[in-house]
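Just so it is clear, none of the values below were taken in a lab; they were calculated from the coordinates. Remember, predicted model here, so these are calculated numbers, not experimental data. Here the Cβ positions follow ideal geometry from the backbone for every residue, glycine too, while neighbour counts run over all protein chains shown.
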Amino acid sequence: MYARQAGGRTLTFGVSGLLYRANVLMYDHQTESLWSQVKRSAVTGSFTGTKLEVLPSVLTTWGKWRKRYPQTLVLSFDTGYRRNYDRDPYESYRRNRGTWSGFLSSFIGHRLSEGDVALVAGIELGGKSRGYRLTDLREKGSIVDRLGSEEIRVSFDPATDSVSVTSLTGEKIPHVLIYWFVWKETHPEADLYQP
């Protein structure tokens with residue numbers, strides 16, 4: 001999740017429907033610059049190269065969130081659009097990886113393996129990029145590693161299904177939960193953490 005401020009302006013974002021390095025681009029309504037979600041910067045338009053500030057966020061299930069924060073309010077389903085909001089539009093991606101990995105392979109130039117579609121915590125720090133498999137984090141709970149010149153801790157909280165990344169001094173480090181092949185497409189120099 002990112003702040004909407006860039007270049008002294010507050011922007012309104014939408015989904016462009018375009019892919020860049022196997023990831024959907026956002027666009028801002030004010031200038032129609034296209035923004036890479038993974039790189040958190042504009043790749044075309046008047047904001048090219050401008051970075052967005054990362055905001056704290058959690059990717060978890062509604063049940064776990066509601067248990068932890070029972071007073072949470074949600075937006076109404078009464079949006080004016082005919083859509084079943086109980087249905088996950090990306091469920092088929094997770095269930096039938098073969099179909100969509102074949103489709104995506106044509107964009108990235110090679111066939112995706114099972115390891116390519118693993119969810120990772122992607123971290124970029126000190127000019128270095130690395131992915132940490134969610135399965136490894138769930139199993140270990142916490143991984144201490146060196147990325148660039150910084151020692152970091154990548155932790156998994158089973159109560160919320162969330163990942164946090166900090167320096168060993170406690171400073172929060174931005175990360176993104178993403179498929180490994182997308183992280184590798186946008187960070188070609190990246191490697192995958194090996195336990």
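Please list the non-local residues whose amide H lies under 5 Å from the amide H of Thr44, H modeled 1.01 Å from N, same-chain partners needing a gap of 5 or more. Under 5 Å from the amide H of Thr44 lie the amide H atoms of Leu34, each far enough along the sequence or on another chain. Taking Lys and Arg as +1 and Asp and Glu as -1, the other residues whose beta-carbon sits under 12 Å from that of Leu137 total -1. Rg over Rh for the chain works out to 0.96, using Cα positions for both radii and the Kirkwood form for Rh. For Lys64, which aspartates and glutamates qualify as cross-link partners when the Cα separation must be under 15 Å and same-chain residues fewer than eight apart are set aside? The reachable aspartates and glutamates, counting only those whose Cα sits under 15 Å from Lys64, are Asp157, Asp161. Each 5 Å bin from 0 upward holds the following percent of the Cα-Cα pairs of region 112-195: 3, 16, 29, 26, 18, 7, 1, 0.
Of all lysines in the structure, the ones whose alpha carbon falls short of 28 Å from that of Lys128, not counting any fewer than 8 places away in one chain, are Lys39, Lys51, Lys140, Lys172, Lys184.
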